[in-house]
Amino acid sequence: MPRVLRIFFETEGGKQWVVLAWLLASNLAGGLSFASLVPLVGVLTGEDDANSNQASRFIREGLDVLGLEPNLPVLLLCAVLAVNLQAVLMWIGMRQVGYAVTDVLFKSRSNLINSLFAADWRFFSSIPLGTMTNSITGEAGQASQAYLLSATLCAQVIRGATVSYTHLTL
């Protein structure tokens, strides 16, 4: 696993930090949507003691700041909006992953082609043409797929940590 994460964090350009920021924001919105269900359960069961945990207090204080009363329609709206916010932020984050994967693919192919142009011509006569073609298309594509998988792994680790923290605070 450390080698997979190294692929993600050692890429050039700093796009991995933008990707991580979007994925972290989307997972925090997911945790907020889950946390907003806790006061909803308190409202549905008629228990006013829903302020007993940190998630309920956070949601209720946020609603107080907005001047909203924590009743069924408002809490349902909060949960739905948080889920939609998570989906939009995840979409933007994975779109950034796509841009980064394309960038990794382009840079891998460019580096390989530049290395081939810098090579001695005797090198070209000693290897079959299909080997170079396979390197340009296949190996550069595999490098970009490795980046995609490492970005997906980072997203899932962040998601797991967020969900774990949310469950522990409930």
Exercise. When you scan region 106-169 for helices (runs of 4 or more DSSP H) that lie fully inside it, which ones turn up with 2 or more residues that are in contact with a Leu (Cβ under 6 Å, 6 or more places away or on another chain), without any contact (Cβ under 8 Å) to a residue 12 or more places away in the chain and surrounded by fewer than 11 Cβ atoms within 10 Å (Cβ to Cβ)?
Worked result: none
Exercise. Can you name the number of the only condition in (1) at pLDDT below 85; (2) open to solvent by 80 Å² or more (accessible area, probe 1.4 Å); (3) within 17 Å of the chain's Cα centre (by Cα) that residue 91 fails?
Worked result: (1)
Exercise. Taking residue 35, is it more than 27 Å from residue 141 (Cβ to Cβ), among the small types (Gly, Ala, Ser) and under 12 Å from the mean Cα position of the chain (by Cα)?
Worked result: no
For this session: Identify the single condition in (1) in contact with a Gly (Cβ under 8 Å, 6 or more places away or on another chain); (2) modelled with pLDDT of 80 or more; (3) not basic (Lys, Arg) that residue 50 does not satisfy, given that it satisfies every other one.
Result: (2)
Exercise. Quick one: is residue 76 at pLDDT below 85 and open to solvent by 70 Å² or more (accessible area, probe 1.4 Å)?
Worked result: yes
Problem set entry | residue 82 vs. criteria surrounded by 17 or more Cβ atoms within 10 Å (Cβ to Cβ) and over 18 Å from residue 18 (Cβ atoms) | yes
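The values are calculated or read from the model by the stated rules, or taken from the named source; none is laboratory data. Keep in mind the model is a prediction, meaning the values are calculated, not measured. Note that each Cβ is placed from the backbone with ideal geometry, even for glycine, and that neighbours are counted across all protein chains shown. Note: areas computed on protein heavy atoms with side chains; ligands, DNA, RNA excluded. Shrake-Rupley method; radii C 1.70, N 1.55, O 1.52, S 1.80 Å.
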